[in-house]
Structure formats: structure tokens, C-alpha cells
Amino acid sequence: MITHSAHSLRLYLCLLTALLLAAWAATCSDASAAAAQRVLVVHSYHEDQKEHVVEMTRGIEEALAGADCVIRYFHMDTKRHNTEQWKRTAGEQARLLADEYRPQVIITMDDNAQMYFAKDYAKASGPPYFVFGGVNADPQLYGFPTDKVTGVLERPNITESIELLLKIKPAIKTLLIVADKSETTDPFVAYCKTLKLPVTVKAYAQPLTFDALQAVLAQYHDQVDAIGLYIVRAVARSTTDPTKVPEQEIVAHINERYKIPTVGFFDTAAEAGTLCGVSVSMREQGFAAGLIARGILDGKKPTDFTVKPTDRGRIQLNLRTAERLGVQLPYSMIQRADVVIR
């Protein structure tokens, strides 16, 4: 017969054993985390930026799945807050985090993370190694590549987007290209000017305010057959109101005021309301950068990897915009599209 005191003792011993096992498991987990290699991902923009940061992160995590590493993220948020002071402060915060975290590999996505963080931080001797992605500018602007730095270029599918537009509206001959003014769009405009395009670009415009944008559209809409849009997320409401005009509002303004086809060269083009476009796959950008990082964690050096762009585009179509324009999109084209807004 088991007495009350014996029963209590047995219960106490069971609880003590459970606590000891839990402590042992936690110690093992902490030791495992400490033993794992560390990866820091520094994004230029905010965490929930759809079709861009979200997709880049998804690609990075797919590439590093199963690797013996711990990933930590930092988001500089320089799209919604694009003042010079904010960018410099965000870059300093990334440096402080890197000093504390001491990663073996740092993945830096988009140009601001290079300009305000990696460019200077990568100059120090020794680890960490750097892998960049989503870079629109010539990487030599940041002093890359080096024996510590390699990465993936982002080159917009401009010709492919215009060719898609021509399949929909073969009569198009002239184009106005509009973008905002930023570290990303300046290289885009420069890159456009090096290409032999299948249409004539009448003008490139990078308005700073919504009023300036409307003036450009009013000036050129009857001189061109279509409007090409790159990133238009940094257009201020006015000279006195720095609030950024949503890209959907800008495209809606074009669609409602002018019956003219639009082609987008950016990741949310169709969602914003443009007729069509072929954008770079941000998931592929992240995946390619993640694969390089994984190779470095496995013992390779940055110099083992060639700096080059990714090569798969995302076909985007907006059927509502097509209907507004009275355009019939071929079913085969809709089937092939990666993004279809109905």
C-alpha cells in the first residue's frame, strides 16, 4: 500500500525529472543555436512590401531551408521614409546590429542597403562575407565585387515588357517612360537609354510631386501611343506635403483621364492597374542570393560566384484595364501569365 507521503515523494521526483529534462533540452537547443552559423539579412525596404520584400524573403528562406544556420532580419524601411537622414540612421542601425550579432554572412537586398550599409561595412578586414541582391546600379558604384562581396543583379525586363505590349497592341510606336526619383530609378533610366528598344521613347520623366507628374502626362499623352511606368512610389503629394502618393492612385489617374495603354516594369505593375508588364522575379532574386550565401556557409568564397542578373521574368496582365481599353487578350497569353488581375 502506497502512503500519502510516498505518493507525494514519487510525484515530486517525477516533476523534478521533467524539469531536469526540460532544462537539458533547452541547454541543448541553446548550444545548437550557438553552434549554428548566423546569417543577417538587411532589406532596404519595409517587411510587408508585397511582391517585393515578401517575395525576396521567401526566396532566401527557400534557398537556406535545411542549412545549419540561424537567420535574422533588419528592414531599413527607406521606401516609405526616403529622407537622407533616415537612410543614414537606418544604415547605422544595421551596422550596430551586425556588430552585435556577428554573422558569418550578410545578405543585403536592394540598392539602399548597399549605399548606406554594406558599402562601408564590407571594407573592414575579416568576416563577415556579403551577398547582395536586387541591385539596379552598377555594383562598382559600391566598390563591388571584392574578395568579400559578391551577389545578384536586378535588371528590369524592359524590352520583354514592351514586346509583350506590342503583342497586345501591335500599332504602338512611341512611348513615354515615367518613374520616380530614387537610387533605384536613376540606374533604370540610364539602363533604358543603353537599349535598342522596339519603340521610340519620346521622353523620360522623373517627377518629384503629383502636380509635376500630371503636368508631364498632360504634355505628352497626345504625343505617344503608350506610357511605360517603372517605380512610382516616391512621388510626393505636393511641394508642401511629402506624403507619398500610392502607385495605385497614380495608375488610376492615368487610366481614368487618358484612354492609353500602360506597361509596367515593376513587381506590382498589374496590381497597380497597368495593362501588362514583365517584371523581375523578386523571389528568384532572393533565392539566388540565398544559394550563394549557402555556398559560402559551406566553405566557398565570394570569388567563386559570378555577379550576374537572374533570368526569369514574371508576366503580368490586368484584364480589367484591358476591358476598359477595349483590348482582347489572347487566352494563350493569359494562360502563360504569372499574375492575372481579373
Count of the range 197-229 residues which are small (Gly, Ala, Ser) and closer than 22 Å to THR184 by Cα: 4
task: Output the qualifying pairs, or none if there are none: Cβ atoms under 7 angstrom, residues six or more apart or on different chains, first residue in the range 261-285 and in contact (Cβ under 8 Å) with a residue 12 or more places away in the chain, second residue among the basic types (Lys, Arg).
output: PRO261/LYS169; THR268/LYS50; VAL278/ARG314; SER279/ARG314; SER281/ARG312; SER281/ARG314; ARG283/ARG58; GLU284/ARG312
message: For the condition under 19 Å from HIS43 (Cα atoms) and under 17 Å from the mean Cα position of the chain (by Cα), what is the one hit in ASN157, ASN136?
response: ASN136
query: Would you say ILE227 is part of a strand (DSSP E or B), touching a residue at least 40 places away in the same chain (Cβ under 8 Å), crowded, with 23+ Cβ neighbours inside 10 Å and more than 22 Å from the chain's Cα centre (by Cα)?
result: yes
Whichever residue in the range 186-202 is out of contact with any Phe, Trp or Tyr (no Cβ under 6 Å at 6 or more places or on another chain) and of a type in the set (A, V, I, L, M) and, among such residues, is surrounded by the fewest Cβ atoms within 10 Å (Cβ to Cβ): LEU195
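Only residues that are over 22 Å from ARG294 (Cβ atoms), in a helix (DSSP H, G or I) and not acidic (Asp, Glu): list them for the range 83-109, please.
GLN85, TRP86, LYS87, ARG88, THR89, ALA90, GLY91, GLN93, ARG95, LEU96, listed by residue number.
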field: Unmet criterion (only one of (1) crowded, with 23+ Cβ neighbours inside 10 Å; (2) not in a loop (DSSP other than H, G, I, E, B)) for PRO156
entry: (2)
- request: Working carefully through the options GLN335, GLN328, GLN285, find the one that is surrounded by fewer than 18 Cβ atoms within 10 Å (Cβ to Cβ) and in a helix (DSSP H, G or I).
  value: GLN335
query: Does ARG80 meet the test of being among the basic types (Lys, Arg), in contact with a strand residue (DSSP E or B) (Cβ under 8 Å, 6 or more places away or on another chain) and either more than 30 Å from GLN316 (Cβ to Cβ) or not in a strand (DSSP E or B) (or both)?
result: yes
message: Taking the condition of being at positive phi and in contact with a Lys or Arg (Cβ under 6 Å, 6 or more places away or on another chain), how many residues in the range 85-113 meet it?
response: 0
task: Could you please let me know if VAL235 is out of contact with any Cys (no Cβ under 8 Å at 6 or more places or on another chain), over 30 Å from PRO330 (Cβ atoms), crowded, with 21+ Cβ neighbours inside 10 Å and β-branched (Val, Ile, Thr)?
output: yes
- prompt: Do we have VAL235 as free of Cβ contacts under 8 Å to residues at least 40 places away in the same chain, closer than 26 Å to ALA322 by Cβ and aliphatic (A, V, I, L, M) here?
  reply: no
task: Kindly provide the set of residues from the range 288-323 that are among the charged types (D, E, K, R), outside any loop (DSSP other than H, G, I, E, B) and modelled with pLDDT under 95, ordered by number.
output: ARG314
task: Could you please let me know if LYS173 is touching a residue at least 60 places away in the same chain (Cβ under 8 Å), more than 14 Å from PHE266 (Cα to Cα) and basic (Lys, Arg)?
output: no
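The values are calculated or read from the model by the stated rules, or taken from the named source; none is laboratory data. Not measured: the values here are computed from a predicted model. A quick note on method: Cβ atoms are made from the backbone with ideal geometry, for glycine too, and the neighbour counts reach across all protein chains shown.
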